[in-house]
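Heads up, the thing below is written out as structure tokens.
Taken together, the values in this text are just the output of simple stated rules run on the coordinates, not laboratory data. Nothing here was measured: the structure is a model prediction, and the numbers come from that model. FYI the Cβ positions are ideal-geometry reconstructions off the backbone, even for glycines, and counts take in every protein chain you see.
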């Protein structure tokens, strides 16, 4: 058994989306304390290039490392898709992304061997899900689809009704009739659109959300002793953002289930 | 008559939207050369706070100033709404924003005295259009409406059909029946949605786009000698972006009318 370690888990995302991952971490590991950073001054990442996203991810990771975290969770699919090697090379602590856990969960789930992946243009362009799915279970057929409007829809709270339904239909049309039985929600915003996605895809298609699989992966690393588990009791959470906190606090309930009480603005310099 | 000045006009925007202003400048002042900067690594500005947008605007302006421009056009409504005083204080050249020209054009156009303003959350929150409209023509009634989904719709090319129509209806509903006869498109992306906006607002409502009014304001400054006009012939255009240029080049046609041949990526450091 590993020595307990009271230091927090660090979690970052481009904005509020990663709060869906934090929610799963809280449920799975209630004793752990967390520090969350939302890079709201530079959101979104999903429509930006790999080089720019990697620079932002490195600045975020360095800030969280300065707060003495014991493990880093990259709760953003786009950053996980392009920046994990750079982050792993630069930090002396375990780094967990959301893509590998989500891809593994999907490959275990599918019976038909046909899996859909929905993500931002950056995530889909990187091919990260496609690569891990095919490596985990050779012979899988993967249909990847970029869905750039889902992030603004989720951010603005257009979660039900005609607009998200029509947008979802337009993106998912090419996937229907391919025999897929499992779809990975490859962006932390997408679980908010679960209702319309299920409606368009039909009841026979399972929707896999990386949040729970990622929390499970973190639990596994702590159990294995890659970082020590919290001493017990209930963990605390702190929140930082790079733009004014008002809007982050306001929409946090939608992503976290409870409202963030307070988030502090920090000015991170990006060279 | 003022001495000719071959130096270019500098133009910046958060991304591609400002190309609608560049297009109007090219049409009105074909002899002028231009340098355009799209801050695609930090786009969008409209959902971000005034402090963050001002920092980005100052970095953009400093970059363009380093290229020896004779006049700066802030072709972004959100930056014009919050950052003009800071930019004017820091640069030794004339600075033109898009809000005052657009607001003046709308106040001259209206007969009913009821004007609508559509903009990003940042622009509407700033109250800049409302203030200038009321100062230009006291007694005007102004209805301001933030339309956060219009930018992603325009960026992704959802310009016609059910989705933009339903979104436009939802935003414009509160404005219908107020007696307005003039609506300012207070974001450089919105002219792309002119078709659905006209359809929802009806033929009796005039849509005012700041691009032409801004080009006219720049022409006025050059005629007045605040900066010297170009020596004649046909001006040249250069383009810079802060993220990979692919997507900027790809969607430029939609905003500029012609495709940008080449854009160079620059890495601007934001402290």
- Amide N of segment B:82-126 lying under 12 Å from the label point, which is placed 7 angstrom from the Cα of residue B:136 along Cα→Cβ: B:98-110, B:115-117
- Item | segment B:1-98 pair-distance distribution - Cα-Cα, 10 Å bins, rounded % | 17, 53, 26, 4, 0
- Task: State, to one decimal in nm, how far the label point of residue A:162 lies from the label point of residue B:223, with both points 7 Å from Cα in the Cβ direction.
- Result: 4.6 nm
- Could you give, in nm with one decimal, how far residue A:88 is from each other copy of that position, shortest first, with labels 7 Å out from Cα toward Cβ? 5.4
- Taking a ≥ b ≥ c as the square roots of the eigenvalues of the Cα gyration tensor, with a/c under 1.5 meaning rounded and otherwise prolate when a/b exceeds b/c and oblate if not, chain A is prolate
- Computed over chain B: longest principal axis from alpha-carbon atoms vs helix B:99-109 long axis, angle to nearest 10 degrees, is 50 degrees
- Query: So what is the calculated 222 nm ellipticity per residue for chain B, using -39500 (n - 2.57) for each DSSP H run with n of 4 or more, over all residues, to the nearest 500 deg cm²/dmol?
  - Reply: -13000 deg cm²/dmol
- Query: More than 22 Å apart: what percent of Cα pairs in segment A:41-148 qualify?
  - Reply: 34 percent
- Task: In nm to one decimal, list the spacings between the residue B:178 label point and its equivalents in the other copies, with label points set 7 Å along Cα to Cβ, shortest first.
- Result: 4.5
- Averaged over residues of B:249-256, the number of beta carbons from other chains lying within 10 Å of each residue's Cβ is 0
- Task: Pull out a ≥ b ≥ c, the square roots of the eigenvalues of the alpha-carbon gyration tensor of segment B:148-271, then state rounded if a/c is under 1.5, prolate if not and a/b is larger than b/c, and oblate in the remaining case.
- Result: oblate
- Note on the structure: Rounded to one decimal in nm, the spacing of the 7 Å Cα→Cβ label points at residue A:267 and residue A:66 is 1.2 nm
- Query: To the nearest whole percent, what portion of all C-alpha pairs in segment B:100-210 is separated by more than 20 angstrom?
  - Reply: 32 percent
- Note on the structure: Shielding of A:43-50 by other chains, given as the mean Cβ count within 10 Å, works out to 5
- Say a paramagnetic label sat at a point 7 Å from the Cα of residue A:238, along Cα to Cβ; which residues of segment A:67-95 have their backbone N under 17 Å from it? A:67-73
- If one compares the long axis through the Cα atoms of helix A:210-224 with the longest principal axis of the Cα atoms of chain A, the angle in degrees, nearest 10, works out at 40 degrees
- Message: If you average the C-alpha positions of segment A:5-20 and of segment B:111-169 separately, how far apart do those two centres end up, in angstrom?
- Response: 35 Å
- Item | Selected from B:249, B:117, B:21 as most flexible by GNM, with chain B as the system and alpha-carbon contacts under 10 Å | B:249
- Longest principal axis of chain B (C-alpha) makes with the long axis of helix B:50-66 (C-alpha) an angle, in degrees to the nearest 10, of 30 degrees
- Query: Quick one: in chain B, whose Cβ comes closest to the B/A rotation axis, and how close in angstrom?
  - Reply: B:152, 2
- At residue B:51, label 7 Å along Cα→Cβ: distances to the other copies, nm, ascending? 3.1
- Rh by Kirkwood over Cα pairs, then Stokes-Einstein D for segment B:157-223 at 1.567 mPa s and 4 °C, µm²/s: 99 µm²/s
- What are the radius of gyration and Dmax of the protein assembly as shown, computed over its Cα atoms and given in Å? 24.5, 85
- Note on the structure: proj_area_mean for segment A:111-155 (convex hull on C-alpha atoms), units nm², value 3.5 nm²
